[in-house]
Ligand code: ZN
Ligand code: FE
């Protein structure tokens, strides 16, 4: 499978997934139809499915126009997003599968950013939407810190270390600048920030990341780090140090950063 990132809007990524045996493709989170349509036509593939990680407009905004341009196709999203994802045909639950061409993948339900957020897994790739960003996570609009903790650590983070994680927004540099403030002694964060700055200067995308790299540098996946817990307790002396409570305070600090 080939994965082609398509930058959309200010900092969104849509992704086109290509089944090389059949020439059929799926698109993850088409914010806008036009850049996706241009990429599909340039690569001469047949768009066969839309995969929506959640219902926010910057992830589903292109659905309707793609359906009118390319005709009826499968539109996959979580079952609880019924009525919130334009054109949705498949209402998925934990462990359900999706397919296009000869390829089949599966999803996990990742509440936290929204109640219907899901991650699509296929081969060694995962498409996390706004649940996991490189060195960060989405805001808690419809979920609790405990849900986000579980989604990031027990679902996405429990995949094999080399799983490639394709995320919804190019926030990596700002996320690492924040990560450095909550874990100043973490060398992996410093090294990664340096590399990401070089990449952004060269106008390169920082997507995808990996499970291993996130475990080393993403504060929301490091809730057991003594340095991170110490930072949290400085801001919130009553904090009990449990993973969900650590994540809650780190998320609050990030919101204010
Ligand atoms: Zn979102
Ligand atoms: Fe988004």
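Take the Cα of residue 46, go 7 Å toward its beta carbon, and the backbone nitrogen atoms of region 70-107 under 14 Å from that spot belong to 70-74, 100-103. Over the chain, Cα pairs under 8 Å with separation of 6+ residues give a relative contact order of 13 percent. Dimensions of region 124-190 from C-alpha coordinates, computed as largest minus smallest value along each principal axis and given longest first, are 29, 27, 21 Å.
Of 240, 96, 130, the residue with the greatest mean-square motion in the GNM of the chain, using alpha carbon springs below 10 Å, is 240. The mean sequence separation of alpha-carbon pairs under 8 Å and at least six residues apart, normalised by the residue count of region 37-105, gives a relative contact order of 28 percent.
Spacing of the modelled spin labels on residue 158 and residue 205, each 7 Å from Cα toward Cβ, amounts to 2.9 nm. Taking the DSSP bridge list for region 76-178 and keeping only pairs wholly inside it, about 65 percent are antiparallel. In this simple spin-label model, placing a label point 7 Å from the Cα along the Cα-to-Cβ direction at both residue 181 and residue 252 gives a separation of 1.5 nm.
Divide by every residue of the chain the summed helix terms, -39500 (n - 2.57) for each DSSP H run of at least 4, and state the resulting mean residue ellipticity at 222 nm, rounded to the nearest 500 deg cm²/dmol.
On the way: 9 runs with 85 residues, N = 257.
When only DSSP H runs of four or more count, the value is -9500 deg cm²/dmol.
Here the Gaussian network model covers the chain, with springs between Cα atoms less than 10 Å apart; of 221, 148, 199, 199 fluctuates the most.
Once the Cα atoms are used to define both axes, helix 243-256 deviates from the longest principal axis of the chain by about 80 degrees.
Note on the chain: with a GNM built from Cα contacts shorter than 10 Å, the maximum mean-square fluctuation among 87, 136, 71 falls on 71. When the alpha-carbon atoms of region 21-161 are used, the pair Rg, Dmax equals 14.6, 44 angstrom. Principal-axis analysis of the Cα atoms of the chain puts helix 172-182 at an angle of about 20° to the longest axis.
For region 19-100, what does the convex hull of the Cα positions come to per residue, in cubic angstrom?
Numbers: hull volume 6.5 nm³, N = 82.
Enclosed volume per residue, from the Cα hull, is 79 Å³.
Take the Cα gyration tensor of the chain, multiply each eigenvalue by 5, square-root it, and list the three semi-axes largest first, rounded to whole angstrom. Kindly include the intermediate steps, with their values, before the conclusion.
Working: eigenvalues 206, 75, 46 Å².
With the √(5λ) rule applied to the chain, the semi-axes are 32, 19, 15 Å.
Spin-label pair residue 227-residue 146: with each label point 7 Å from Cα along the Cα-Cβ axis, the two points sit 3.0 nm from one another.
Only beta bridges with both residues in region 1-51 are counted; by DSSP, about 70 percent of them are antiparallel. Rounded to the nearest 10 degrees, the angle from helix 33-43 to the longest Cα principal axis of the chain is 70 degrees.
Ratio to report: Rg/Rh of region 150-225, with Cα atoms as the point set and Rh obtained by the Kirkwood method; give two decimals. Working shown, then result.
Numbers: Rg = 12.1 Å, Rh = 12.8 Å.
Across region 150-225, the Cα-based Rg/Rh ratio is 0.95.
Entry note, region 1-125: relative contact order of 19 percent, from Cα contacts under 8 Å with a spacing of 6+ residues.
DSSP beta bridges confined to the chain are antiparallel in about 65 percent of cases.
Every number here is computed from the coordinates shown, using simple stated rules; none is lab data. Keep in mind it's a predicted model, so treat the numbers as computed, not measured. Positions of Cβ are generated from backbone atoms using ideal geometry, with glycine treated the same way; all protein chains shown enter the neighbour counts.
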